[in-house]
Amino acid sequence: MIEKYAFGQITINGISYTSDIKITQGRVIPSWWRQSGHQVGIEDIQDILDTKPEILVLGKGEPGMMSSKGSLREWLSQKNIGLIEEKTAKAVQTFNRLLAEGKKVAAGFHLSC
């Protein structure tokens, strides 16, 4: 579960991260960088996709600047993987709720803009 999010910082299991992160299979992958900055493509989350989640939650940043590429949305749809894109504060709540419901959920969180 994610314990806290504030602009530029997220806390998970008592550890605070100050760079973008990915979460898959209960493991945090810190220092997540995307090839196209604020655009998330398949290549940016291949490690997540390899774990075959039911749902992918993308935290788009506080004002919501980050988004998925059309090619990623199409690929997820073809694989029947749900996609939820929300501002990071809301996405944290959604991720925690889905995790508590026992869903196989993975996530990528942009912590700032």
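Taken together, the values in this text are just the output of simple stated rules run on the coordinates, not laboratory data. Quick caveat, the model's predicted, so the values are computed rather than measured. Glycine also receives a Cβ, built like all others from the backbone with ideal geometry; neighbour counts cover every protein chain displayed.
What pairs from 52/79; 22/103; 60/90; 69/103; 69/104; 4/60 go past 19 Å between their alpha carbons?
Numbers: 52/79 9 Å; 22/103 17 Å; 60/90 10 Å; 69/103 24 Å; 69/104 22 Å; 4/60 16 Å.
Listed pairs above 19 Å: 69/103; 69/104.
Just to be sure I understand: of the beta bridges DSSP finds with both ends in the range 2-109, what percent are antiparallel, rounded to 5? Don't jump to the answer; show the numbers that get you there.
Details: 14 of 26 bridges.
Roughly 55 percent of the beta bridges in the range 2-109 run antiparallel, per DSSP.
For a footprinting-style exposure proxy, rank 4, 90 by other Cβ within 10 Å, fewest first. Show your work: numbers first, answer last.
Numbers: 4 10, 90 16.
So the residues, fewest neighbours to most, are 4, 90.
Treating the beta-carbon of each Lys and Arg as +1 and of each Asp and Glu as -1, no other charges, what is the dipole magnitude of the chain about its Cα centre, to the nearest 20 debye? Walk me through the numbers before you get to the answer.
Details: 14 positive and 12 negative charges, 33 e Å.
Rounded to the nearest 20 debye, it is 160 debye.
Any idea what diffusion coefficient the range 2-109 gets from Stokes-Einstein, in µm²/s, Kirkwood Rh on alpha carbon pairs, 37 °C, 0.692 mPa s?
Values: Rh = 13.6 Å.
Result for D is 241 µm²/s.
May I ask you to derive the FRET efficiency for residue 7 and residue 27 from their Cβ-Cβ distance with R0 = 30 Å, giving the value to the nearest 0.05?
Efficiency, rounded to the nearest 0.05: 0.80.
Determine the gain in length on full extension of the stretch residue 42-residue 112; use 0.36 nm per residue of separation and subtract their C-alpha separation, reporting nm with one decimal.
Values: separation 70, 0.36 × 70 = 25.20 nm, distance 2.14 nm.
Going from the current span to full extension adds 23.1 nm.
Could you give P(r) for the range 55-101, binned at 10 Å from zero, as whole percent values over all Cα-Cα pairs?
Whole-percent P(r) values from 0 Å outward: 28, 49, 24.
Could you run the Karplus curve 6.51 cos²θ - 1.76 cosθ + 1.60 with θ = phi - 60° over the range 40-48 and give me ³J(HN,Hα) per residue in whole Hz, x for Gly and Pro?
9, x, 3, 4, 7, 10, 4, 4, 5
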